[in-house]
Amino acid sequence: MEAEPGPPQLWLKRRRCLLSLDRPRALLLWGPAAAPTSGPDTCSVPVSEIITVEETEIDEKHYHSGKWQKMGKPYAFTVYYVKRARRHRWRCSHVTFWCTEEMLCNQWIQTLRELLEKLTCRPKHLLVYINPFGGKRQGKRIYEQKVAPLFKLASITADVIVTEHANHAKDSLFEINIEKYDGIVCVGGDGMFSEVLHGLIGRTQKDCGIDQNDPKASLVQCNLRIGIIPAGSTDCVCYATVGVNDPVTSALHIIIGDSLSMDVSSVHHNNAFLKYSVSLLGYGFYGDILRDSEKKRWMGLIRYDLSGFKTFLSHHCYEGTVAFLPAQHTVGSPRDKKPCRMGCFICRQSKQQLEDEQKKSLYGLENAEDVEEWKVIQGKFLAINAANMSCACPRSPKGLSPVAHLADGSSDLILVRKCSRLNFLRYLIRHTNQDDQFDFAFVEVYRVRKFQFTSKHLEDEDGDLKDLGKKRFGQICSDHPACCCTLPNSTWNCDGEILNSSAIEVRVHCQLLQLFARGIEETPTREALG
């Protein structure tokens, strides 16, 4: 058996074993260096990263060129597999093997296909939503040209729905029979993912009889995984779960059936459900940017730059009260310099400790939730941000909270107190470089399980609120007493959507959702990249 010469195929010397199965978890491919006298180069491909195996027809013209005539009538098969490129990108590569015997060729094909059939985590039938309006309006083209051919190669069938209006995907998920699908794929930006997320979580809670309006309800984990084909303007979720916003890379993660759990925060106001959040909840600076940019949608993506500059110049600060429950169960901290990566130990260990705490609370071995030790802070803030993930994107490679974890059952609460415009600019610049962005006297960061916020003008409307806070939470910390001037009111930016209420209650639900991803892989060596 010999491999067809020429890259990207492997050219192998005759009578040398071309491939073998190791235990049988990996496919080993041997290939020589350029000189015939050199030793062989070995490439190991995990069976889990083989996309498919196909019988290959011999090109008669190529066969009669003289190179392979000594083989008699050759038979061939092609192995398609995942090949890693730079900057976390994946590509579909292939190698073609030649055999002198038809039986040997068929045995290899059958053996490899049987191994692939045992990978039950791989999807066979998917529901695909395409947002044709998001980002640069390239969603439909990206799916048809880059994703659909890969799905076809992997024998994945898909029912495709091109959304026609806002909440189209969300509404349809409450009506469609989702049990016949192995997963849901959204083609678009973070807004499209949020829409599918709300539809899937809402449908799951409805089927299980869970009231989403109850802020204390224990939500049921979703069975279906969501795949994200990035076609938006920021693709924040892709950066945090894959490491790059590349459609081919995301499609390959879906094909091989990767699975990654993710925390989801529920947002309530007065016992009424508002939204779910997986990336950023921002009040003040980021809320003002979103509110102003919504008035300039006709400008396209440049509106975010203009609104950001305008908001920075306005330099509004907002007074209110933040109450939060520290995440005692987590084994990490917002400044431990341990980012969330594939197979994250902190996420696994934190979930285990959280489950242990919940079991103790269930049997009355620890204090109930209503007497847990909350911390309350009053003051004037330029920004209040809660990050369930790093929120990294091309403009901010580290994100708002570089070591926030995807599945540890907590959120990083970042309080940016009132400061000078120059100091705030220094803080914003830290998001674009490698310096510690929390190393300022006016910035505080906490890892929390729950938090509440009430703006000053709402506190004034309810005079008993402050006394109630003291009764429930203990002594209120107020380093910045209120002044006599009237302060403006901001809005919350919830994953790129405006929340109408400034007073909210947030709770993190540990690993409520699953994605077709594996987390960001550690950067491979130059030798591994080939």
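Values computed for the structure shown
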{"read-out": "Number of positions in segment 404-427 that are surrounded by fewer than 20 Cβ atoms within 10 Å (Cβ to Cβ) and either polar (S, T, N, Q) or under 20 Å from residue 241 (Cα atoms) (or both)", "value": "2"}
{"read-out": "Members of segment 292-319 that are polar (S, T, N, Q) and surrounded by fewer than 17 Cβ atoms within 10 Å (Cβ to Cβ)", "value": "314"}
{"read-out": "Subset tally (residues that are assigned to a strand (DSSP E or B) and open to solvent by 10 Å² or more (accessible area, probe 1.4 Å)) for segment 493-516", "value": "10"}
{"read-out": "In segment 246-278, residue farthest from the chain's Cα centre (by Cα) [restricted to those that are of a type in the set (Gly, Ala, Ser) and open to solvent by 10 Å² or more (accessible area, probe 1.4 Å)]", "value": "272"}
{"read-out": "From 331, 371, 322, residue being at pLDDT below 90, more than 19 Å from residue 190 (Cβ to Cβ) and either aliphatic (A, V, I, L, M) or open to solvent by less than 50 Å² (accessible area, probe 1.4 Å) (or both)", "value": "371"}
{"read-out": "Complete set of residues in segment 231-245 that are over 13 Å from the mean Cα position of the chain (by Cα) and surrounded by fewer than 22 Cβ atoms within 10 Å (Cβ to Cβ)", "value": "233"}
{"read-out": "Strands (runs of 3 or more DSSP E) enclosed by segment 1-114 - at least 2 residues per element that are at pLDDT below 90 and within 29 Å of residue 520 (Cα to Cα)", "value": "19-22, 26-32, 40-46"}
{"read-out": "Failed condition for residue 107, given (1) closer than 19 Å to residue 251 by Cβ; (2) over 23 Å from the mean Cα position of the chain (by Cα); (3) not hydrophobic (A, V, I, L, M, F, W, C)", "value": "(1)"}
{"read-out": "Answer residue from segment 179-196, given it is in contact with a helix residue (DSSP H, G or I) (Cβ under 9 Å, 6 or more places away or on another chain) and open to solvent by 20 Å² or more (accessible area, probe 1.4 Å) and is nearest to residue 128 (Cα to Cα) among those", "value": "195"}
{"read-out": "Qualifying positions in segment 201-228 - more than 22 Å from residue 505 (Cα to Cα), among the hydrophobic types (A, V, I, L, M, F, W, C) and touching a strand residue (DSSP E or B) at 6+ places or on another chain (Cβ under 9 Å)", "value": "222, 224, 226, 228"}
{"read-out": "Residues of segment 400-415 satisfying the condition of being more than 10 Å from residue 508 (Cβ to Cβ) and assigned to a loop (DSSP other than H, G, I, E, B)", "value": "400, 401, 402, 403, 404, 405, 406, 407"}
{"read-out": "For residue 392: the one exception among (1) touching an Asp or Glu at 6+ places or on another chain (Cβ under 8 Å); (2) modelled with pLDDT under 90; (3) open to solvent by less than 20 Å² (accessible area, probe 1.4 Å)", "value": "(1)"}
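The values are calculated or read from the model by the stated rules, or taken from the named source; none is laboratory data. Predicted model, so just to flag it, every value in this text is computed and none were measured. Reconstructed Cβ throughout: ideal geometry from the backbone, glycine too, with neighbour counts over all protein chains shown. With ligands, DNA and RNA removed, areas are computed over all heavy atoms of the protein, side chains included. Shrake-Rupley method; radii C 1.70, N 1.55, O 1.52, S 1.80 Å.
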